[in-house]
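**Student:** Have a look at this one.
All of the numbers you see were taken from the coordinates with simple rules; none came from a lab. Keep in mind that what you see is a predicted model, and the values were worked out from it rather than measured. Cβ: placed from backbone, ideal geometry, glycine included. Neighbour counts: every protein chain shown.
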Amino acid sequence: QQQVKQSPQSLIVQKGGISIINCAYENTAFDYFPWYQQFPGKGPALLIAIRPDVSEKKEGRFTISFNKSAKQFSLHIMDSQPGDSATYFCAAALYGQNFVFGPGTRLSVLP
Amino acid sequence: DSGVTQTPKHLITATGQRVTLRCSPRSGDLSVYWYQQSLDQGLQFLIQYYNGEERAKGNILERFSAQQFPDLHSELNLSSLELGDSALYFCASSIRGGEGTDTQYFGPGTRLTVL
C-alpha cells in the first residue's frame, strides 16, 4: 500500500516532443505528490509538486495531471529539450510521514 | 544549489571497514533524511532526524546508524561494510518533519565504493 509504481522505465523523445511519465499509488491517504529531476552524479531536485485538491498544475513546460479517482498522476514535459535528459522520480507522501519514491524513469531527448 | 551540503563527495574503502558520511542541512531546516540509491535503483529511505531526535526509520540496516547534532548537522555511520553497500548516499532536509508534508531538498550525495 505504500508502493508507488512508475512507468515507463525509460523514454526516448525527439526534441520538441512531449514526454509523459505516469505514476500510480494505492494508499488514498497520500496527500502530496512531488516530482524530482536527477542528472547523473547529482542529487534529485524538486521539479514540481501537487496536492490532491487540484487536478492539474503547470509550471513552464512542466505539467502534473492528477486523477484522484484512478489514483494516478503524471508528468508532462512539453517541447522537450536535450537538456531535459535526466532521470525523473515521482513520489508520494502521507501527512507527517516520509516520501515513497517511484523507481524512476530515464528520459533521453534526442536533438 | 539546494543549500544542503554533503562530505565527502567520494569515498573508497574496503569490506569490513567503517565510514562516516556528513550532511549539513539548509539554513533553518530542522529535519534531515538519509537515502540510499544503488546502481539503477530508486531512492530508499533510511532514517530521519528532526531537531536532534530520531523521527522515522526506513530500510536501515543494523550495521548503519545516524545522529543529528545540536547544530543540526547529521552523520550517517556505516560499519562492517559489504560490497553491496556500494551506493550513492543522499541527505535531504526540510523545514519541519512531522507536522506536514514539506518539500525535501537533496544534497549532492556521497558516492561510496566498497572494494
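**Student:** Quick one: net charge around A:Ser85, please, counting Lys, Arg +1 and Asp, Glu -1 for every other residue with C-beta under 15 Å from its C-beta.
**Tutor:** Computed value for this residue: +2.
**Student:** To continue, here is another question. Report the calculated FRET efficiency for A:Lys71 and B:Arg111 (r = Cβ-Cβ distance, R0 = 35 Å), to the nearest 0.05.
**Tutor:** On the way: r = 35 Å, r/R0 = 1.00.
The formula returns an efficiency of 0.50 here.
**Student:** Label points 7 Å out from Cα along the Cβ direction at B:Asp71 and A:Ser55: separation in nm?
**Tutor:** 5.2 nm
**Student:** In whole Å, what are the Cα extents of the protein assembly as shown along the three principal axes, biggest one first?
**Tutor:** Principal-axis extents of the protein assembly as shown (Cα, largest first): 48, 39, 32 Å.
**Student:** How large is the convex hull of the Cα atoms of chain B per residue, expressed in Å³ as a whole number?
**Tutor:** Residue-normalised Cα hull volume stands at 94 Å³.
**Student:** Give me a single rounded figure for A:34-46: the average over its residues of other chain Cβ atoms within 10 Å of their Cβ.
**Tutor:** On the way: counts 3, 0, 4, 0, 6, 0, 0, 5, 7, 15, 11, 4, 6.
If you average over the peptide's residues, the count of other-chain Cβ atoms is 5.
**Student:** Which shape class, rounded, prolate or oblate, goes with the stretch A:55-101 when its Cα gyration tensor gives a ≥ b ≥ c as root eigenvalues, a/c under 1.5 marks rounded, and past that a/b bigger than b/c marks prolate?
**Tutor:** Oblate.
**Student:** Quick check on chain A: of the DSSP beta bridges with both residues there, what percent are antiparallel, nearest 5%? Numbers along the way, then the final one.
**Tutor:** Working: 37 of 42 bridges.
Bridges in chain A that DSSP calls antiparallel: roughly 90 percent.
**Student:** Can you tally the lysine pairs in the protein assembly as shown where the Cα-Cα distance is under 25 Å and the two residues are eight or more apart, or on different chains?
**Tutor:** The result is 17.
**Student:** Next question, about the same structure. Taking R0 as 25 Å, what's the FRET efficiency between A:Ile18 and B:Asp1 from their Cβ-Cβ distance, rounded to 0.05? Intermediate values should be presented prior to the final figure.
**Tutor:** Values: r = 30 Å, r/R0 = 1.18.
My answer for the efficiency is 0.25.
**Student:** Follow-up question, since we're still on this one. Return the Rg/Rh ratio of chain A with Cα-based radii and a Kirkwood Rh.
**Tutor:** Radius of gyration over Kirkwood radius for chain A works out to 0.96.
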